[in-house]
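The values are calculated or read from the model by the stated rules, or taken from the named source; none is laboratory data. Quick caveat: nothing in here was measured; it's all calculated off a predicted structure. Every residue, glycine as well, gets a Cβ built from its backbone with ideal geometry; the counts of neighbours run over all protein chains shown.
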There are 2 protein chains.
Amino acid sequence: MSKISGSASPQVATAADFLIASRQCEVRSLEYFLLMGRLVQSTGHLIHELQRERGVTSLYLGSDGQRFGGERAGIILQTSEQLEMFYLALNDIQHELISQPVSSPLLGHIARALHGLGQLEDIRLRIEKQAIAVHPAVDWFSDTIHQLITVVCEAADTVVEPSIAGLLVALVQVMTGKEYCGQERAAGSTGFARGRFDRALSRRMLHLVEAQDRCFEVFVTHAPEDSLALWQKLRGRPRETEIERLRQIAVSIGPYKPLDPKLAETWFTLMTERMDDLKQIEDSVESAFHHRCVERYTEARCSLADQSTLLASLEQGVQAGGSILDLIQEQNQRLQQMSDELQSAKEALEERRVQEKAVLLLMEHRNINDDEAHRVLRKLAMDQGKRLSEVARALISIANVLT
Amino acid sequence: MSKISGSASPQVATAADFLIASRQCEVRSLEYFLLMGRLVQSTGHLIHELQRERGVTSLYLGSDGQRFGGERAGIILQTSEQLEMFYLALNDIQHELISQPVSSPLLGHIARALHGLGQLEDIRLRIEKQAIAVHPAVDWFSDTIHQLITVVCEAADTVVEPSIAGLLVALVQVMTGKEYCGQERAAGSTGFARGRFDRALSRRMLHLVEAQDRCFEVFVTHAPEDSLALWQKLRGRPRETEIERLRQIAVSIGPYKPLDPKLAETWFTLMTERMDDLKQIEDSVESAFHHRCVERYTEARCSLADQSTLLASLEQGVQAGGSILDLIQEQNQRLQQMSDELQSAKEALEERRVQEKAVLLLMEHRNINDDEAHRVLRKLAMDQGKRLSEVARALISIANVLT
């Protein structure tokens, strides 16, 4: 590669060398995402099992350990299997991650998730002995799931290829929406089992429904075709009408009207089916992500090989329908365009981060919980007729000035 | 590192491992910037020599090869020396760059700059033989310098540490400002030597002065203290008043009022001194950048070592005044804050890119030159009472819709 007519030293790198290096760099980054795909996939599977374990745990503790013990044992086995896969994927990718300076935050959030997962055995033991109440047990699962979703967000943040970033944004949205759905299942189960929804629980249901809707709104703008078709299919199911009817009961009923406790089981079954459908959608996005990585990797390798051949012939003075300068400018324009497109895909991630930060600020300053903080934020947005992320951003900058 | 009580496989990575990995990642990225420092430094020196060579070339060609031949030969030797250093720095960093996926655009722009520099010998030969006019010769130098500044911009774009990014932003601004100063020297020399400034040349002078001012406005917001003091010193020199007086003549005089051609030499000398002062400022920013890299690298390594010790004691159950979770959350919050601060440093680079893109669009669509495109953009901003970058962004998005 290092030959060019007239250069003083044979060691001097040429424009052609650096053009090839720029391409090699792209290939390397796609290689890294092929590896990352396994981590993302195993994280999604682990989250799904943790959501199931959370569901059965709340039923087990809610029945004072009288029911669902067998189901729980079965689900624990499956969670442990997925946990093993997750650890294996981490081991495989760890070394690769350290050599990428952009992945410090990703590694930090993996550490955070691993710290949570390290307590799983202990929590399970306490649940087994009914030495923990249903709320803190459910909260532990929810926190851990949140950390795992954050890992996928941070992974998405390290992507430099716009179509791959877009698919990871869709994936993060469907994962987050599914998690809100899981929390809605839990909240609804509590209310229907009690036979009543108090004001706080109704509000929580409302928050979880709205939060889900927002996730899927962003999801549809980045989703691949197949996943979009699955989403339309889900929306068209008769089950959705039934869920909507139960939701109406949950958010409109006052604290003193007793409900049929049998609705709890109906609700749990319907929402579990919904979550399984969402998992299918998630898997289809995940598979599109994997295919896109393989496709882009193959493309980039072929294109690198073509370009090497072309450059060799250009350097030997063979006219091959273009100059080195054309090739360089083509590469730089292509990268610039990719970087522009990437920005728009990453805005969705940035908005998520800004909203989370604003919610944390509100929780701290006003000493309120997550739900209430979300509600305050939404109310501000509605009152000012602005987007949620605009209000969140304004809130953060004001807080920075005030504190 | 991989021991934690109760984990099934000794191979499983722990939260502590990934916390350390996150820190190692930071150290690696700072190592990379230590290397990058040499590239940035040698690029700055090379640009300075190319600016001097451009200056003497225009005098040599302007005098029909009668004068400045000796000075030119001396400067060519110095440029060649800096070119050698630049190639050596590139050779040292090339391998490191390829392993960083974020550096594809940087590598592409290095290729572009190398392609330009590859023509230097040929251009010099044509200048020697006076087989090239003064305009295309000067333009060739200006293009090549522009490519080299772009390399530094792209390098700044790969930084993940906000204080380092801020220093590189300051460096890019002083480099760009100094280059506008060089172009102003050339434009002024032409006008004073001719004894008159026509409308186009006056406008060009005005554009170059305004463009310089904008660079130094951004420079002062990111400059380290020492460099800022040098900048104040430059502003206070009696020379500046004299330059201002000559500038007034250049931008206000009509095409028919003859000027004393001796002013050409005065102007050239004053502006050359100014550029040497600017080079000193550039060197001081460059040195602050280098020191900051070394400082952050040392800090990060010490902190990594401390943390490893602390984690080892925590894993052995020794209470060392904190938990692993605290350490992880501290790391994640610190990285998040760094990423927030980074955004603001990078906005300056993004604005530069947006403006360049808008200027290219205008040049293409309206078939006008660089100066006129800058003027159109400035006029739009003034008419609408908006910032230049806002107008540029609006123009790009409209062009995307129209074409």
- [ ] Give the residues of the range B:123-139 that are of a type outside the set (G, A, S) and either modelled with pLDDT of 95 or more or more than 27 Å from the chain's Cα centre (by Cα) (or both), sorted by residue number.
- [x] B:I123, B:R124, B:L125, B:R126, B:I127, B:E128, B:K129, B:Q130, B:I132
Task: Extreme residue, surrounded by the fewest Cβ atoms within 10 Å (Cβ to Cβ), among residues of the range B:90-129 that are within 30 Å of B:G65 (Cβ to Cβ) and facing chain A (nearest Cβ under 7 Å) - done: B:E121
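Take the range B:244-299 and flag every residue that is among the small types (G, A, S) and under 26 Å from the mean Cα position of the chain (by Cα). Step through it out loud before you land on a result.
The first filter runs over the range B:244-299 and keeps only residues among the small types (G, A, S), leaving B:250, B:252, B:254, B:264, B:284, B:287-288.
If the condition is that a residue be among the small types (G, A, S) and under 26 Å from the mean Cα position of the chain (by Cα), then B:S284, B:S287, B:A288 are the ones that fit.
Here is a list: B:G195, B:G182. Which entry is touching a Leu at 6+ places or on another chain (Cβ under 7 Å) and farther than 18 Å from B:A89 by Cβ?
On the way: B:G182 fails: touching a Leu at 6+ places or on another chain (Cβ under 7 Å).
From the options B:G195, B:G182, the qualifying one is B:G195.
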Open item on the list: Checking the condition farther than 17 Å from A:E121 by Cα, away from chain B (no Cβ under 14 Å), buried (at least 16 other Cβ atoms within 10 Å of the Cβ) and small (G, A, S), which residue from A:G65, A:G44, A:G70 passes?
Closed with: A:G44
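Determine which member of the set B:I145, B:I149 is crowded, with 23+ Cβ neighbours inside 10 Å and assigned by TED's automatic domain parsing to the domain that holds B:R72.
Working: B:I149 fails: crowded, with 23+ Cβ neighbours inside 10 Å.
When all the criteria are applied, what remains is B:I145.
Every residue, every condition in (1) among the hydroxyl-bearing types (S, T, Y); (2) surrounded by 19 or more Cβ atoms within 10 Å (Cβ to Cβ); (3) in a helix (DSSP H, G or I), yes or no:
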residue	(1), (2), (3)
B:A264	no, yes, yes
B:T269	yes, no, yes
B:E273	no, no, yes
B:A288	no, yes, yes
TODO: Give the residue, chosen from B:E341, B:E372, that is away from every other protein chain (no Cβ under 14 Å), surrounded by 13 or more Cβ atoms within 10 Å (Cβ to Cβ) and at pLDDT below 85.
DONE: B:E372
TODO: With the checklist (1) at pLDDT below 90; (2) within 30 Å of B:E286 (Cβ to Cβ); (3) within 14 Å of another protein chain (Cβ to nearest Cβ) in hand, flag the one item B:L83 doesn't pass.
DONE: (1)
Open item on the list: Any residue at all in the range A:216-232 that's of a type outside the set (V, I, T), modelled with pLDDT under 90 and closer than 27 Å to A:V359 by Cβ?
Closed with: no
TODO: Of the numbered conditions (1) in a helix (DSSP H, G or I); (2) surrounded by fewer than 16 Cβ atoms within 10 Å (Cβ to Cβ); (3) away from every other protein chain (no Cβ under 14 Å), B:G317 fails exactly one; give the number of that condition.
DONE: (1)
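Being modelled with pLDDT of 95 or more and either in contact with a helix residue (DSSP H, G or I) (Cβ under 6 Å, 6 or more places away or on another chain) or within 14 Å of chain A (Cβ to nearest Cβ) (or both) narrows it down to one of B:L19, B:L30, B:L50, so name that one.
On the way: B:L19 fails: modelled with pLDDT of 95 or more; B:L30 fails: modelled with pLDDT of 95 or more.
When all the criteria are applied, what remains is B:L50.
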Open item on the list: Can you confirm whether B:R204 is surrounded by 22 or more Cβ atoms within 10 Å (Cβ to Cβ), more than 14 Å from the chain's Cα centre (by Cα) and farther than 25 Å from B:H45 by Cα?
Closed with: yes
- [ ] Give me the pairs, please: first residue somewhere in the range B:1-23 and outside any loop (DSSP other than H, G, I, E, B), second residue anywhere and modelled with pLDDT under 50 and not hydrophobic (A, V, I, L, M, F, W, C), beta-carbon distance under 8 Å, and either six or more positions apart or on two chains.
- [x] B:D17/B:S2
Open item on the list: For the condition more than 21 Å from the chain's Cα centre (by Cα), buried (at least 17 other Cβ atoms within 10 Å of the Cβ) and not in a loop (DSSP other than H, G, I, E, B), what is the one hit in B:Y87, B:Y60, B:Y32?
Closed with: B:Y60
